[in-house]
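> Please find one structure pasted underneath; my questions will follow.
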Amino acid sequence: MKLMGKLILFLVTLAAPLAGQGGLVDEGFNHFYNLEYDEAIGCFEKAIALDPTSPDLHNHLAQTLVFREMFRDGALESELVSGTNSFLRRPKLNPTPETEKRFLDEVSEALSLAGARLQTNPNDTAAMYAMGIAYGLRSNHFWVVKKSWKDSLRDATSARRWHNRISELEPDNVDARLVQGLHDYIVGSLPWHYKMLGFLVGIRGDKEKGILTVEDVAANGKLNRSDARILLCALYRRENRTRLAIPIVHGLIGRYPRNFLLRLELAAMYSMAGDGTHGLETLAEVARLKTRHAPGFDRLSWEKIYFQEGSIQFWFNQLDRSLENMKRVTAASEDVDLNTGVQAYLRMGQIYDMQQRRQEAVEAYKKAIAYAPEAAAAQESRKYLATPYSR
């Protein structure tokens, strides 16, 4: 069971409240959801300078620092929560010591400020919310940087408990249920021996209940609606319900048009739903936007487009075209993220095996292993060194 590796996207997308906090916060999150993390950081820094005692603002900044690192590492695609990939075997993120310290300082400040407010008013639900978000962010740090999943899940459980308390005090607070829904899904998907851990005793988990809760927040939430919709798409993809995700992604693209990852996800989801034609048409539109220098698309590499196109062609048996695209990706292997590069080498090996070109397949698998030894694709490549791939 590989679910522990799927915690990555669930834990980091616990955004603190967005609405009603002023122009700088709204502007910051507009940049955030459009993958413009440096600009978002600038907005949140200015907001903190105006109100340094707000735990929410420190959470905003900490969250953006994490997402910037994940974006650079190619770790934001929802394929990382699919049933065929495990973040357990991906290398750790390696932020600079300065970035890591800054992140931890911002989380500590949020916890301290929220804790002080709770000392004054134990029923301060806004402080409870901030406390839960801070624990969720630290949980993410334990996982992606320290690879300490026990500490990660322990902090995720603390986040849930704080937000459970909000639901007790404010039963109509839909937004606070997002953490509960995600936690229900995660724990409900764990094998029994993980549930025996002391900090999970009494928490049963329920995958379907978790999905229903996230659906509720996606439909009725006020502050966390966008987060819930993004997470719901990831859950639908993992549960092979991609047709349900497609209209949600279309809506997110309309709201965040500079977020090119959403269009790449849409292409992948069409493909998973059995509609390769619309998947490739979506990528053709992405290529047109990049060629026209549409806002946000200059940051998207051509290799990422080639990889997505080649992946769809692979699954729809357009093997020669897929191989051509994967070669384009590996020709720039020093410039692409680890996830894209290692997957491209793996696909090349698989195509060569399907074409009865065994020696070339073995060489491609060896390159995948050398490129990112800890990645899931490298582990899979080791298997094919002994036994040729067959579909």
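> Gain in length, residue 387 to residue 334, computed as 0.36 nm per residue apart minus the alpha-carbon separation, to one decimal in nm?
Additional length available on full extension: 16.2 nm.
> OK, next. Say the cut-off is 25 Å between C-alpha atoms; which of 150/207; 150/367; 101/209 go over it?
On the way: 150/207 20 Å; 150/367 32 Å; 101/209 37 Å.
The answer is 150/367; 101/209.
> Shifting gears a bit: Relative to the longest principal axis of the C-alpha atoms of the chain, give the angle of the C-alpha long axis of helix 97-120, reported between 0 and 90° and rounded to the nearest 10°.
Between the helix axis and the principal axis of the chain, the angle is about 30 degrees.
> Let me ask another. By its C-alpha gyration tensor, with a ≥ b ≥ c as the square roots of the eigenvalues, how is the range 203-262 shaped: rounded for a/c under 1.5, else prolate for a/b larger than b/c, else oblate? Walk me through the numbers on the way to the answer.
Values: a/c = 2.44, a/b = 1.51, b/c = 1.61.
Oblate, since a/c reaches 1.5 and b/c is not below a/b.
> Provide the packing ranking of 177-184, 146-153, i.e. peptides ordered by the mean count of other C-beta atoms within 10 Å per residue, highest first. Walk me through the numbers before you get to the answer.
On the way: 177-184: 25.6, 146-153: 17.0.
Most protected by this proxy first, the peptides run 177-184, 146-153.
> How many angstrom separate the Cα center of the range 159-190 from the Cα center of the range 230-251?
So the separation of the two Cα centres works out to 21 Å.
> Helix 376-386 sits at what angle to the longest principal axis of the chain, using alpha carbons and giving 0 to 90 degrees rounded to 10?
With both axes taken from Cα atoms, the answer is about 30 degrees.
> Further question on the same structure: For the pair residue 53/residue 26, report the inter-label distance in nm, with labels modelled 7 Å from Cα in the Cβ direction.
With each label placed 7 Å out from Cα toward Cβ, I get 2.5 nm.
> Here is a further query. Just one of (1) 34; (2) 26; (3) 29 is percent of Cα pairs over 35 Å apart calculated from these coordinates, so which is it?
(2)
> Work out how much length residue 244 to residue 147 would gain on full extension: take 0.36 nm times their residue separation and subtract the Cα-Cα distance, in nm to one decimal.
Taking 0.36 nm per residue and subtracting the Cα distance, the gain is 31.7 nm.
> Determine the equivalent ellipsoid of the range 232-388 by diagonalising the alpha-carbon gyration tensor, then write out the semi-axes as square roots of 5 times the eigenvalues, largest first, rounded to whole Å.
Over the Cα atoms of the range 232-388, the ellipsoid semi-axes are 28, 17, 14 Å.
> If you don't mind, there's one more thing I want to ask. Give me the extension gain from residue 301 to residue 212: residue separation times 0.36 nm, minus the current Cα-Cα distance, reported in nm with one decimal.
My answer for the length gained is 28.4 nm.
> Name the shape class, rounded, prolate or oblate, that the alpha-carbon gyration tensor gives for the range 301-391, where a ≥ b ≥ c are the square roots of its eigenvalues, rounded holds for a/c under 1.5, and otherwise prolate holds if a/b is larger than b/c and oblate otherwise.
Cα axes put the range 301-391 in the oblate bin.
> Given labels modelled 7 Å from the Cα in the Cβ direction, how far is it in nm from residue 104 to residue 126?
3.0
> In whole percent, and with a 1.4 Å probe on the protein chains, what portion of the accessible area of the range 103-174 is carbon and sulfur?
Numbers: 1390 of 3020 Å².
In the range 103-174, the share of accessible area belonging to carbon and sulfur is 46 percent.
> Taking the Cα centre as origin and putting +1 on Lys and Arg beta-carbons and -1 on Asp and Glu beta-carbons, what dipole magnitude results for the range 225-269, to the nearest 20 debye? Please list the in-between numbers first.
Values: 9 positive and 3 negative charges, 14 e Å.
Charge dipole of the range 225-269: 60 debye, to the nearest 20.
> Based on alpha-carbon atoms only, what is the radius of gyration of the range 92-189 relative to the globular estimate 2.2 N^0.38 Å?
Scaled against compact globular proteins, the figure is 1.13.
> Next question. How much mean residue ellipticity at 222 nm does the chain get from its helices, if each DSSP H run of length 4 or more adds -39500 (n - 2.57) and you divide by all residues, to the nearest 500 deg cm²/dmol?
Roughly -22500 deg cm²/dmol at 222 nm, from the helical runs in the chain.
> Roughly how tilted is helix 55-72, in degrees to the nearest 10 and between 0 and 90, from the longest Cα axis of the chain?
Its long axis makes an angle of about 10 degrees.
The values are calculated or read from the model by the stated rules, or taken from the named source; none is laboratory data. Keep in mind that what you see is a predicted model, and the values were worked out from it rather than measured. Positions of Cβ are generated from backbone atoms using ideal geometry, with glycine treated the same way; all protein chains shown enter the neighbour counts. The accessibility values were calculated without ligands, DNA or RNA, using every heavy atom of the protein model including side chains. Shrake-Rupley method; radii C 1.70, N 1.55, O 1.52, S 1.80 Å.
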